[in-house]
1. Does residue 94 satisfy being within 28 Å of residue 143 (Cβ to Cβ), surrounded by 14 or more Cβ atoms within 10 Å (Cβ to Cβ) and modelled with pLDDT under 85?
2. Do you know which residues across segment 220-277 are touching a helix residue (DSSP H, G or I) at 6+ places or on another chain (Cβ under 9 Å), in contact (Cβ under 8 Å) with a residue 60 or more places away in the chain and assigned to a helix (DSSP H, G or I)?
3. Quick check on my filter: what residues within segment 128-159 are over 23 Å from the mean Cα position of the chain (by Cα), assigned to a helix (DSSP H, G or I), within 12 Å of residue 84 (Cα to Cα) and touching a residue at least 12 places away in the same chain (Cβ under 8 Å)?
4. How many residues does segment 194-219 contain that are within 12 Å of the chain's Cα centre (by Cα) and without any contact (Cβ under 8 Å) to a residue 24 or more places away in the chain?
5. Looking at segment 475-499, which of its residues are within 17 Å of residue 395 (Cα to Cα) and part of a loop (DSSP other than H, G, I, E, B)?
6. Which members of segment 254-269 meet the condition of being modelled with pLDDT of 75 or more and surrounded by 13 or more Cβ atoms within 10 Å (Cβ to Cβ)?
7. I need the strands (runs of 3 or more DSSP E) fully contained in segment 352-470, keeping only those with at least 2 residues that are surrounded by fewer than 21 Cβ atoms within 10 Å (Cβ to Cβ) and out of contact with any helix residue (DSSP H, G or I) (no Cβ under 9 Å at 6 or more places or on another chain).
8. Which condition number in (1) farther than 25 Å from residue 163 by Cβ; (2) touching a strand residue (DSSP E or B) at 6+ places or on another chain (Cβ under 8 Å) is the one that residue 44 fails?
């Protein structure tokens, strides 16, 4: 049975049509993503479904008793409450029923035992049970933890959180409601990859209908079961996953292009006939017939916005030295008193390498790349920069835009100041980043997040840098612009150090992954899928990949063994090939077994039997995994394939370790 039905919805904005004839229906556990260009009406439609924006025409139907929750990009209005109270405030019905029960319990304690009071109490208790009983508050706690908040955060006031944290609080509030219809506008904003993966699993497991708008393609593919496409005010519903819709959309585009070309050829043929024979007596009637026919032709046209996609490329950079950066025994700290984010950091970047830097929010990714870009001092250690290195830096919030310019400067003025180009050449550059005509005269302070990002990219492309350090470059970009950025970075011949939560970008660009683990760096060969596989292997083996941040009051790194029992080990240099060969060829101790070891003890036999059972259990677990991975759905996308490969590798490694343990006991 459908939970939500939208029939022929219409909406005008400022007297102009925005949405026309939007129709769809959703059942529980269906998750519909809304696709469309910026300004197509995606957010407006979500607010219409939440009944926060009026519907001009059409009908919206909800199942009886269905609850709707909306998360959008507007921060909480009330800031004088704690995070806990704010998240729980979305559960108005639960709070009301609890208050009713409390009042009834007070009356009953005072002697009210009449049938009406008891019946009212029973009904209220039944309603609360339907919402999860008194454990419904635990649901809110689970949601806040999954989105990166700690237990102490729950009692902090909203006015102590950043804008990004408030956005996550809004998402936690919507998830905690247990709504039957969940409306999510850009829920992936301000989430690190760990929280993104948690959110994907949570949404897939909800017994609710979900409607969402997002630009994270891996997220859309992992979560979505249907797509509502908004184009030129009209809607088209597609039942299927995100990548299937993209394939269908591409096929439609090709068919449309062929239809346009065919019609244009036919029109040109008719026009040639008319021009040639309209004044010839024997053909005049046929020519006039074609004139009338031509006037009735309904021209097939593309949406004018279709040609406005972002397309750009980086110029071939100047050749630098082989080594771009080399950081030895680095200490990364921030704030006063000093907070040690990373220590004993070893990092290198070579010419032409495309390296992804990953790690949870707050572990120091931005601080590290700002240090490498020369915008922040290194607390300790040695940082070497190679020959002829020219760094192009793109910050997360485009703070560098307009630096040194006057208040109220325009896009064109900011571009000229940053690039040194003449007005005409600057306009040409801006035009390729969708700032044409009057758009180039817009005040810098009035730009949207997406416009600021496009302007930053324009300046970066012109810079001629041979090393790009990028902090969340896809922020505020729509999907088409993200794909254009992917293409440009993938073709860039210089070095790249990339920080991003966009896994599709990491997959397309990165060839080596550096992860922040236990307050230091670990390097992994390969891109994002390879890193995910290794990460899941290590988690399956019980490794803790993260550790707490420690505070030092003297500005120095905490001493080993004094402030933490989980001091990370500095990576040891690998042995040379000669040393390794020597070690293998000339062992210091004899490997010949002693006479006492020829007869195993009873304890040894028991351990061997236990190890044999462990081998059998590991092999059984691996067979179970292989049976589950035989389902094609487990390999339907890059994201699912990466998870499936990681599960299989972890199971295989568990079998190998079980055999190694058994062989060690038998040796």
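1. Spelling it out, residue 94 is indeed within 28 Å of residue 143 (Cβ to Cβ), surrounded by 14 or more Cβ atoms within 10 Å (Cβ to Cβ) and modelled with pLDDT under 85.
2. 220, 221, 222, 223, 242, 243, listed by residue number.
3. We begin by selecting, within segment 128-159, every residue over 23 Å from the mean Cα position of the chain (by Cα); these are 128-139, 151-159.
After this cut, where a residue has to be assigned to a helix (DSSP H, G or I) as well, the list is 128-130, 133-139, 152-155, 158-159.
Subsequent filtering for residues that are within 12 Å of residue 84 (Cα to Cα) retains 137-139, 152-155, 158.
Within segment 128-159, 137, 139, 153, 154, 155, 158 qualify.
4. Number of matching residues: 2.
5. Result: 475, 476, 477.
6. 260, 263, 267
7. 380-385
8. (1)
The values are calculated or read from the model by the stated rules, or taken from the named source; none is laboratory data. Every value quoted in this text rests on a predicted model; they were computed, and no experiment measured them. Quick reminder, even Gly has a Cβ in these numbers, built from the backbone with ideal geometry, and neighbours come from all protein chains shown.
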